[in-house]
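Enquirer: This is the structure I have questions about; it appears just below.
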Amino acid sequence: MWQKSYATDTLPPRQVTNRGEREQYYIIGTTQPIIDKDTFYAVQALKSKRIEKYGAKNGAQDHIYQKKIFCGKCGTIFKRKLVREVVYWVCRKHDLDKNECEMDRIPEETIHAAFLRIYHKLRLHGETILTQMISDFQAVQERKMLWSLDIVELNKRISDIMDQDQMLTRMNQCGCVDPDIFIAQSNELSRQLREAKREKERLMAETGDDTIPRTQELLESLETMPEFLPALDGDIFSDLIDRITVKDGKTLCFRLKNGLELTEYIKQGG
């Protein structure tokens, strides 16, 4: 059976002449496909998901920075612009009227280079900085919670339970308590201690500050990344950077996913 070929067909066409016109046909089942249909559609689905998240391959960098770069003068979001075959990012307000915002455009390659410098600094010193940041925030959180009446009460309950457990242990060592009673009471005190500690953790988690878990997540992500990054990687950029603020023509401020801001200085005009 003859069937007309379309661009999506994977089989090679056979060309025939019909009524003076040249058309393409192939015979179904005569040629083995390079990959099976299930694999082909699975790959297409994966590509669609990556395009949705990071943009098409020929415009990936556009999508990586899309809605990520902001003007430090007026707060307006930047847009991508091609000028004499050079790609820039420019404040939308400045692009419409230079009198509205004096922020000058930034070459895209300059932003690439600044991010790579930030990345390599993070790979060298990020673990120390982020670990200390987690420790500092935990200390601050603990100090804040010391003034909470609920936490004070829980700390008192935890202390009382631990005192009771120690007394029970001493009585058992002296043979002053029946073994079965000791086991039962010891298990009950352990249960009460676990509940009190869980309640304390729950109350502390309700402070609304998620800096510690976000910093921990950032630290874990950074540890899996390569030590040297030769070129911009969309996945790595998206995992690390929340936004970029163009302070002026010489300064870019990168805000990480946990809120930490790192400044990188650039040369005027790129």
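Enquirer: Can you tell me which residues in the stretch 237-265 are of a type in the set (A, V, I, L, M) and open to solvent by less than 20 Å² (accessible area, probe 1.4 Å)? Reasoning before the result, please.
Expert: Taking the stretch 237-265 and keeping what is of a type in the set (A, V, I, L, M), we get 240-241, 244, 246, 252, 256, 260, 262.
Scanning the stretch 237-265 gives LEU240, ILE241, ILE244, VAL246, LEU252, LEU256.
Enquirer: OK, next. Name the one entry in ILE158, ILE111 that is in contact (Cβ under 8 Å) with a residue 60 or more places away in the chain and in a helix (DSSP H, G or I).
Expert: Details: ILE158 fails: in contact (Cβ under 8 Å) with a residue 60 or more places away in the chain.
Sole residue among the options that is in contact (Cβ under 8 Å) with a residue 60 or more places away in the chain and in a helix (DSSP H, G or I): ILE111.
Enquirer: Whether any residue in the stretch 155-164 is among the polar types (S, T, N, Q), modelled with pLDDT under 90, under 28 Å from ASP242 (Cα atoms) and within 36 Å of the chain's Cα centre (by Cα) is what I want to check.
Expert: Step one: filter the stretch 155-164 for residues among the polar types (S, T, N, Q), giving 155, 159, 164.
Pick out the ones that are also modelled with pLDDT under 90 and you get 155.
When the remaining residues are screened for being under 28 Å from ASP242 (Cα atoms), the result is none.
No.
Enquirer: Also, I was wondering about something else. Any residue at all in the stretch 134-153 that is of a type in the set (A, V, I, L, M, F, W, C) and at pLDDT 90 or above? Write out each step before concluding.
Expert: If we filter the stretch 134-153 for residues that are of a type in the set (A, V, I, L, M, F, W, C), which is where we start, we get 134, 137, 139-140, 145-147, 149, 151-152.
Adding the requirement that they be at pLDDT 90 or above leaves none.
Checking the stretch 134-153: not a single residue is of a type in the set (A, V, I, L, M, F, W, C) and at pLDDT 90 or above.
Enquirer: Spot the failing condition for LYS93; the list is (1) of a type outside the set (A, V, I, L, M); (2) under 27 Å from the mean Cα position of the chain (by Cα); (3) modelled with pLDDT of 90 or more, and only one is missed.
Expert: Only one criterion in (1) of a type outside the set (A, V, I, L, M); (2) under 27 Å from the mean Cα position of the chain (by Cα); (3) modelled with pLDDT of 90 or more is unmet by LYS93, namely (2).
Enquirer: If I ask for residues that are free of Cβ contacts under 8 Å to residues at least 60 places away in the same chain and part of a loop (DSSP other than H, G, I, E, B), which ones from the stretch 232-266 would you list?
Expert: Those that are free of Cβ contacts under 8 Å to residues at least 60 places away in the same chain and part of a loop (DSSP other than H, G, I, E, B): ASP233, LYS250, LYS257, GLY259.
Okay, residues lined up against (1) open to solvent by less than 70 Å² (accessible area, probe 1.4 Å); (2) closer than 19 Å to GLU261 by Cα:
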{"site": "ARG117", "(1), (2)": "no, yes"}
{"site": "THR128", "(1), (2)": "no, yes"}
{"site": "MET133", "(1), (2)": "yes, yes"}
{"site": "VAL152", "(1), (2)": "no, no"}
{"site": "THR169", "(1), (2)": "yes, no"}
{"site": "GLN173", "(1), (2)": "no, no"}
{"site": "ILE183", "(1), (2)": "no, no"}
{"site": "LEU193", "(1), (2)": "yes, no"}
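Enquirer: Scan (1) open to solvent by 50 Å² or more (accessible area, probe 1.4 Å); (2) at pLDDT 90 or above; (3) within 23 Å of the chain's Cα centre (by Cα); (4) within 20 Å of ILE244 (Cα to Cα) for the single condition LYS53 breaks and write down its number.
Expert: (2)
Enquirer: Being touching an Asp or Glu at 6+ places or on another chain (Cβ under 7 Å) and within 19 Å of VAL87 (Cα to Cα) is the filter here; which residues of the stretch 230-270 pass it? Break it down stepwise before answering.
Expert: First, pick out the residues of the stretch 230-270 that are touching an Asp or Glu at 6+ places or on another chain (Cβ under 7 Å): 249, 252-257, 270.
Those that are touching an Asp or Glu at 6+ places or on another chain (Cβ under 7 Å) and within 19 Å of VAL87 (Cα to Cα): GLY249, LEU252, GLY270.
The values are calculated or read from the model by the stated rules, or taken from the named source; none is laboratory data. Keep in mind it's a predicted model, so treat the numbers as computed, not measured. Note: ideal-geometry Cβ built from the backbone for every residue, glycine included; neighbour counts use all protein chains shown. These accessible areas exclude ligands, DNA and RNA; they are computed on the full protein's heavy atoms, side chains included. Shrake-Rupley method; radii C 1.70, N 1.55, O 1.52, S 1.80 Å.
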